[in-house]
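Student: For reference, the structure I am asking about is given below.
The values are calculated or read from the model by the stated rules, or taken from the named source; none is laboratory data. It should be emphasised that the depicted structure is a prediction, and the values quoted were computed from it without experimental measurement. These area figures cover heavy atoms from the full protein model, side chains too; ligands, DNA and RNA do not enter into them. Shrake-Rupley method; radii C 1.70, N 1.55, O 1.52, S 1.80 Å.
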Amino acid sequence: MIIFIGALSGVVLGVLTIGMKKGGFLTTSNVGDLEDLAPIQAQLMPLDACQIDYATRDKSGRRNHLDVAFVTPCSDSDRRVVIHVSSGWGSRGVGFQMKRSSQANRWKVLVEKDEVPFPELKGALEEIASTMTTSYVPQLEDARARSKAYEDGVQARKKEEEARKNGAKSSYPTQ
């Protein structure tokens, strides 16, 4: 019983430690339902994107990748598209993560409300939404085309190798 209580308290302390870090799940709030963000939600709604990460924190609490946003499509969660952002909102301390489970759902906008002023968050979201509406779809199509070309090349090499091996068996003269 004592071992179980000790292990349970260790797990609880671990979860609290992770959650209370800057950018942890206990320090972020969902502001996606705010009326001021409705135009941005509407602008991003039709895109095949289910997660957008901008200037998220690394393990040591610093913001990373201040000049790009990483976008994960709904249709292919293994792929990430990089969208370049010009103004560097992350250098001002703005960082957020947007999530939704499908293209039909509204976005959850997760942000550290104690550290990110709303006008700056809104400005960053507007810039990223504007950039995404013009450049995301072509970049996603390009990434898919490159991936398909790579897969086609892998399949072609496999077929060539198999044909070579099959030809090798019958290439030797009989005794």
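Student: Which value at 222 nm does the chain reach when only helices count, each DSSP H run of 4 or more adding -39,500 (n - 2.57), with the total divided by all residues and rounded to the nearest 500 deg cm²/dmol?
Tutor: Helix contribution divided over all residues of the chain: -16000 deg cm²/dmol.
Student: A further question on this structure: Tell me, what is the per residue accessible area of the chain in Å², probe radius 1.4 Å?
Tutor: On a per-residue basis, the chain sits at 64 Å².
Student: Taking all protein chains together and a probe of 1.4 Å, list 132, 1, 45 from the most accessible to the least accessible.
Tutor: Heavy-atom accessible area, descending, gives 1, 45, 132.
Student: On the full set of protein chains, 1.4 Å probe, figure out the accessible area of residue 36 and give it in Å² to the nearest 10.
Tutor: 90 Å²
Student: Taking Kirkwood radius over Cα pairs in Å as the quantity of interest, determine which of [x] 19.3; [y] 16.4; [z] 17.4 was computed from the displayed structure.
Tutor: The listed entry that was calculated here is [x].
Student: Using a Cα distance threshold of under 21 Å, what count of lysine pairs results for segment 29-148 when pairs must be 8 or more residues apart or interchain?
Tutor: 7
Student: If you don't mind, another one. Mind ranking 108, 59 by accessible surface for me, highest first, 1.4 Å probe?
Tutor: Output order, biggest surface exposure first: 59, 108.
Student: Further, regarding this structure: Using a 1.4 Å probe, how large is the accessible area of residue 60, given in Å² and rounded to the nearest 10?
Tutor: For residue 60, solvent-accessible area is about 80 Å².
Student: Sequence gap at least 6, Cα distance under 8 Å: using those rules, report the relative contact order of segment 29-148 to the nearest whole percent.
Tutor: This gives 29 percent for segment 29-148.
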